[in-house]
Amino acid sequence: MFLFTDNVKFARRCIPQNDDWQPCRISSLAPPLAVLASELFDGDSIKRTDIDTDGHWDYLFMVNRSRKSQYDILSRLATSGHELPDRVVCCAGSGDEFHGFKSRSWKACEGNIHLSAFVRPEREIPGAAVGFMIASVIAALQTVSSFDLRGAAPVIKWVNDVLVRGSKVGGVLARLQTQGSITESAVVGIGLNIEQSPPVERGPFVPRVAALSDFTKPSEPCSHPDAFPRLLKYLGNNLDILGQGHFTELLDLYRQNSVILGRRVIISEDSQTASGVIARGRVKSIGPSLELFIDGIPEPVMKGRLRLENDV
C-alpha cells in the first residue's frame, strides 16, 4: 500500500509501524493520484512511503487537518468524470465541513477517526444498494467490539449509527454510482469517536454522544493508533465479502446486532412537531433493503428518523 501525508506525526498515529518517509511532489504523481492529492492537500510538497499489507487497500491519504469533507471530495470526483485510483482510503485528523447522514453537522475532533474510502467494482453486486452502508457500519461495530468495554456490547441503531450503552460513538455514510445493475464505484465514510466526545446538537434522535475511551479501562489502550488499523482491516474484509456475492451474510450480522428488533420505536420526519410522526410501534423485522416491518403498520417503513420509545 502506498501512503501519502502532509504530517508524518499524524501518519504515525494511523500506521505506527512505518518510518521510511520520503519527500514527494503532487505534481510528479500519475494523473489519477495527482487529481485526488491536489484536492486533499494544501500545496505541492508532501511525504510518501509504502508498506506491505493484507491487500485490501492500495492507497492511503492521511491529512492532518482537512479543509473540506474527504467524503464529499471523493463523491464529487467519482461523479464528475474524473478517474480515481481504485481501493483508496482517506483519513483526517480533524477538519472542516464534515457531516453525517443527510448532511447533519458533525464535529471532527483530534483523536477520533474520520475515514472515507473509494472502490471501483465495475460489476453487478447483489445487495449493493444498501450493502456498502451495511458493510461499513458492521466494520465500525467490529472495531468497537474489539476493545474491552467492561461488559458493554455495541449495537446498531437504524439505520447507520453505532451505540454503546445508549450513546452514539459512530456513524457511516455510503454513496454509489451505478449504471443499470452495475455498481461502477462506491464511496463510504466512517466516523468513530475514539478519544473525544464531539460537541454535537443533541435531541430525541441523538440523546447521548460518547467516545470509545469512555467505556474502556484506563489501564488498557484505546486510542486512534489502536483503532485505525483494525477499522481498515474490518472494512476491507467486509467489502470483500460484499463483492464476493455474500450480501446476506452481512445483512444477518446487521440484524443480529440491531438494537431495535423487538423494541417499540417512533419514526418521524420532523422532531419538532407531533405531526412529524410517521410510524410508532414494535419492530418485528428488518427487510433486505433495511425497511422496517412494524406491528400495526400495513406498509414497511423505508425512511425517517428513529428513536427508541423509552428514550423519549
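Couple of notes before you dig in:
- Rh by Kirkwood over Cα pairs, then Stokes-Einstein D for the chain at 1.306 mPa s and 10 °C, µm²/s: 79
- Rounded to the nearest 20 debye, the dipole size of the chain about its Cα centre is 960 debye, using +1 on the Cβ of Lys and Arg and -1 on the Cβ of Asp and Glu.
- Counting only residues at least eight positions apart within a chain, or on another chain, the aspartates and glutamates with an alpha carbon under 15 Å from that of Lys303 are Asp161, Glu269, Asp270, Glu291.
- Here Lys9 is the anchor, and the lysines within straight C-alpha reach of less than 23 Å, apart from those fewer than 8 places off in the same chain, are Lys47, Lys68, Lys107, Lys233.
- Mean-position separation - Cα centroids, the stretch 1-59 and the stretch 104-174, in angstrom: 24
- The stretch 212-312: C-alpha gyration tensor shape, a/c 1.5 cut-off, then a/b vs b/c: oblate
- Packing, taken as the mean count of other beta carbons within 10 Å per residue, orders the peptides 46-59, 142-155 from highest to lowest as 142-155, 46-59.
- Subtracting the Cα-Cα distance of Thr178 and Glu83 from their residue separation scaled by 0.36 nm leaves 32.7 nm.
- Axial C-alpha extent at least 15 Å, average Kyte-Doolittle at least -0.5 - helices from the chain (DSSP): 128-145, 224-243
- The Rg/Rh ratio for the stretch 264-311 is 0.95, where Rg is the radius of gyration of the alpha carbons and Rh is the Kirkwood radius.
- Once the C-beta distance of Ala129 and Ser223 is scaled by a Förster radius of 41 Å, the resulting FRET efficiency is 0.70 to the nearest 0.05.
A short reminder: the numbers here are calculations on the coordinates, not readings from a lab. Please read all numbers here as calculations on a predicted model, not as lab measurements. We place every Cβ from the backbone using ideal geometry, glycine too, and count neighbours over all the protein chains shown.
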